[in-house]
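The values are calculated or read from the model by the stated rules, or taken from the named source; none is laboratory data. Source: prediction; values computed, not measured. Note that we place each Cβ from the backbone using ideal geometry, even for glycine, and neighbour counts take in every protein chain shown.
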């Protein structure tokens, strides 16, 4: 897809093609091909030869996972080469011309950001409480819900174990001696509200828009945590929200310099989201910022949320459960044969070949597009690269969630409304962000287990919402889910 940024912009831009246009599709093909080239040259050639990137990208993103299974080093090589290609090809447009992303985050800062500190008036929650369908689950009720999700295949057993461990150690919730930097502080899926509710010390960055900071300031005052915010020196007001925040896309150098002033140890988490190609540009700016912070500090790690609508290698236990459910022919499986015949085999296809270990769960949704897929893959690559460098990492797979950005898309809203017919649970934002914040606390206080391969780190404590253990390949039931959920989505 060609995009033409405003000529006045000073921000990350896509490279120009031979015809002079800026094309996110050309960038996507090139970055994926570069990521594959050392490990899978045939796959690289296929990616750079793809003539319909917006419809054909899913094949190549799946190949990135498959090629990485050859060895742990293959996965690290794909991540490193993909990041290098992204940074080499994207540019940062300034009024004096284009520069590299590395040059952009190292620019001199004419007016450094100050720090405003806000402290909440409330008492910290001393136990893990999970909002769920109008209830506040704690103690035994929380354990029962985790066990129910595990039995029904909504979360992996390691997820239930990790959240349960946090519930057993409520003193972890305040993250004593640690600080999380939340980039995209206002995001519905971000951990900010939960961390403040638990009394943690958080640094937060979001756009310098008064309405955002009026809301976030209200959240801080309601709870018990401490929030550090970048502000314009001498020109900010905590009541109105003016002069607060910073723009990650346009001034990553100012944010990087501000983060360097914070006491550590730090975990820099990227929760920023935007629509379409803008999401990829913001993700690239944040990735350059994170790389600079990691280069400057040896006490910094990273945190991300992975989307379940992506391609992942999954453990053999998940494959076995999906195979069992396929054989059982439950629910819509009773009419599987005629549906498959009428659709030429496109509907109700197997999720995995029996016995695969690991299996490949391909839950990419065409409607989300290649820019979203690449943005989320960049975060996974950064996690893999950072872990290989010996730094702490928290990358957890979050469940499908009814966020505002999702329900605006009619097709996705309808699919979510019909998803329960296939054993998939779609979460409300309050449940998702609390659950994922608890997993972040686990990772920061306990650390990831020592595993053999990067795919296993991604699968650890996954809260995929049922996509991994259902019997059918997700795209082969998407249309049916949309039809079944269309009425509920309209209401």
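One residue stands out in the range 454-480 among those that are touching a strand residue (DSSP E or B) at 6+ places or on another chain (Cβ under 9 Å) and on the phi > 0 side of the Ramachandran plot: the one that is surrounded by the most Cβ atoms within 10 Å (Cβ to Cβ), namely 465. Any residue at all in the range 423-444 that is surrounded by fewer than 15 Cβ atoms within 10 Å (Cβ to Cβ) and either in contact with a helix residue (DSSP H, G or I) (Cβ under 8 Å, 6 or more places away or on another chain) or assigned to a helix (DSSP H, G or I) (or both)? No; the residues of the range 423-444 include none that is surrounded by fewer than 15 Cβ atoms within 10 Å (Cβ to Cβ) and either in contact with a helix residue (DSSP H, G or I) (Cβ under 8 Å, 6 or more places away or on another chain) or assigned to a helix (DSSP H, G or I) (or both). Regarding the range 400-410, can at least one residue be identified that is within 17 Å of the chain's Cα centre (by Cα), buried (at least 22 other Cβ atoms within 10 Å of the Cβ) and not in a helix (DSSP H, G or I)? Among the residues of the range 400-410, at least one is within 17 Å of the chain's Cα centre (by Cα), buried (at least 22 other Cβ atoms within 10 Å of the Cβ) and not in a helix (DSSP H, G or I), which makes the answer yes.
Looking at 105, 76, 109, 117, which is the one that is out of contact with any helix residue (DSSP H, G or I) (no Cβ under 9 Å at 6 or more places or on another chain) and touching a residue at least 60 places away in the same chain (Cβ under 8 Å)?
Values: 105 fails: out of contact with any helix residue (DSSP H, G or I) (no Cβ under 9 Å at 6 or more places or on another chain); 76 fails: out of contact with any helix residue (DSSP H, G or I) (no Cβ under 9 Å at 6 or more places or on another chain); 109 fails: out of contact with any helix residue (DSSP H, G or I) (no Cβ under 9 Å at 6 or more places or on another chain).
Only one candidate passes the filter, namely 117.
Of the numbered criteria (1) over 23 Å from residue 270 (Cα atoms); (2) touching a residue at least 40 places away in the same chain (Cβ under 8 Å), the one residue 373 fails is (1). On inspection, residue 396 fails the criterion of being assigned by TED's automatic domain parsing to the domain that holds residue 476, part of a helix (DSSP H, G or I), buried (at least 22 other Cβ atoms within 10 Å of the Cβ) and at pLDDT 95 or above.
Return a yes/no flag: does the range 378-391 have any residue that is surrounded by fewer than 19 Cβ atoms within 10 Å (Cβ to Cβ), modelled with pLDDT of 95 or more, farther than 29 Å from residue 30 by Cβ and in the same structural domain as residue 305 (by TED's automatic domain parsing). Yes: one or more hits.
Determine which member of the set 451, 483 is out of contact with any strand residue (DSSP E or B) (no Cβ under 7 Å at 6 or more places or on another chain), within 29 Å of residue 324 (Cα to Cα) and either in a helix (DSSP H, G or I) or outside the structural domain of residue 301 (by TED's automatic domain parsing) (or both).
Working: 451 fails: either in a helix (DSSP H, G or I) or outside the structural domain of residue 301 (by TED's automatic domain parsing) (or both).
Residue meeting the stated conditions: 483.
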